[in-house]
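The next block holds one structure in the form of structure tokens; read it before the comments.
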Amino acid sequence: MKHLLGLEELSAAEITRVLDAAEGFVGVGVGDVPKRDDLKGKVVVNLFYEPSTRTRVSFGLAARRLGADTLDFTPGGSSTAKGETFIDTARNIEAMGVDAVVVRHSSPGAPHVLAKHLRPHIRVVNAGDGAHEHPTQGLLDIFSIRQRKGRVAGLTVGLVGDIAHSRVARSNIHGLIKLGAKVIVCGPTTLVPPEVARLGVEVAHDLDAILPRCDVLNLLRVQFERQRSGLFPSIREYRLLFGVDGDRMRRAKPDVLLLAPGPINRGVEITPEVADGPSSAILDQVTNGLAVRMAVLSLLCRAGQ
Ligand code: CP
């Protein structure tokens, strides 16, 4: 692995290698567990052209806990406002002597463009490109499943909601199927593109019908900001058909694991009492994200040294 652009490009063995490496980074830099120097002397830049809380903060913290210097770029207040292109911005930041670029962009393929245009020693990590992929989110979701369930192979994972606009769905689908899970995507017909079936998933539109079969439910956020209007009649109807509340939880498997990539629309995809309840691993996912991102940065930056 030179870059991490998507889980589609990785083999099952490579995904497992990252997950196994992440086990060794759980808790690094917290309490009595010392920081590490895997990235000592390295510079990691967050190049985020879209808003983020979890991904941007945890990449920054992960890099610092491994001894790197970090830079944060957001377009607001930058020379993007004067018309500087994405590539020129990245090449100018590269010229300051960075080793890894963590990039989030609304255009699918933006990280691939950087990987092609930046100098060969620079590592590029995709932190979300349009509706294409969000590989570290996929990895941390799978890590959280493995942590709570002890395995991935043989589990049935329901990805529920806005599949059409979800890069998290695509990374989950590629990663989970490679590791031997069964994936069911479920949502309104307008939010589940029929071609997703080509990725090897089962397509469903009735959450209550698939609920008793799912070991894990990953509740995707309705991405109001990426949607044209009219994809479903109302938030109330979406909540009634696809929202997970206490009543649906009673009809799910007793040990069902609930994930959500965040941010969550409380009261839409999930009610507050379920989001904060014992079946939810939503905040564990965030904690695990640090370990997964430390593993990714360490594996990439140390590769070929
Ligand atoms: N899950 C996720 O990518 O969250 P952020 O958009 O806050 O980074």
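The values are calculated or read from the model by the stated rules, or taken from the named source; none is laboratory data. None of the values given here were measured: they were computed from a predicted structure. Note that we place each Cβ from the backbone using ideal geometry, even for glycine, and neighbour counts take in every protein chain shown.
Some observations on this one:
- If the condition is being of a type outside the set (D, E, K, R), part of a helix (DSSP H, G or I) and surrounded by fewer than 22 Cβ atoms within 10 Å (Cβ to Cβ), then the stretch 154-206 contributes I177, T189, T190, P194, V196, A197, L199.
- Among residues of the stretch 1-52 being of a type in the set (A, V, I, L, M), touching a residue at least 24 places away in the same chain (Cβ under 8 Å) and out of contact with any helix residue (DSSP H, G or I) (no Cβ under 7 Å at 6 or more places or on another chain), the one that is nearest to R64 (Cα to Cα) is V43.
- Residue in the stretch 239-260 that is in a loop (DSSP other than H, G, I, E, B), within 16 Å of the ligand (Cβ to nearest atom), in contact (Cβ under 8 Å) with a residue 60 or more places away in the chain and in the same structural domain as G150 (by TED's automatic domain parsing) present: no
- Evaluation of L71 against (1) under 30 Å from Q147 (Cα atoms); (2) more than 16 Å from the ligand (Cβ to nearest atom); (3) not charged (D, E, K, R) (one fails), failing number: (1)
- Hey, E273 charged (D, E, K, R), assigned by TED's automatic domain parsing to the domain that holds F143 and within 16 Å of the ligand (Cβ to nearest atom) or not: no
- Residue within the stretch 123-141 that is more than 16 Å from the ligand (Cβ to nearest atom) and either touching a Phe, Trp or Tyr at 6+ places or on another chain (Cβ under 7 Å) or assigned by TED's automatic domain parsing to the domain that holds A291 (or both) present: yes
- Long-range neighbours under 6 Å by Cβ, at least six apart or interchain, first residue more than 17 Å from D206 (Cβ to Cβ) within the stretch 153-165, second among the polar types (S, T, N, Q) and not in a strand (DSSP E or B): H165/Q223
- Some residue of the stretch 6-18 being more than 16 Å from the ligand (Cβ to nearest atom), of a type in the set (A, V, I, L, M, F, W, C), in contact with a Lys or Arg (Cβ under 7 Å, 6 or more places away or on another chain) and at pLDDT 95 or above: yes
- For the stretch 53-68, taking the residues that are touching a helix residue (DSSP H, G or I) at 6+ places or on another chain (Cβ under 6 Å) and closer than 14 Å to H134 by Cβ, the one that is nearest to the ligand (Cβ to nearest atom) is identified as R54.
- The one condition in (1) in the same structural domain as R293 (by TED's automatic domain parsing); (2) farther than 23 Å from G29 by Cα; (3) in contact (Cβ under 8 Å) with a residue 40 or more places away in the chain that I145 fails to fulfil: (1)
- Boolean, Q147 is assigned to a helix (DSSP H, G or I) and out of contact with any Ser or Thr (no Cβ under 8 Å at 6 or more places or on another chain): yes
- Test: residue in the stretch 142-163 that is in contact with a Leu (Cβ under 9 Å, 6 or more places away or on another chain), modelled with pLDDT of 95 or more and within 13 Å of the ligand (Cβ to nearest atom): yes
- Matching entry among V268, V222 (being surrounded by fewer than 22 Cβ atoms within 10 Å (Cβ to Cβ) and either touching a Lys or Arg at 6+ places or on another chain (Cβ under 6 Å) or farther than 30 Å from V28 by Cβ (or both)): V268
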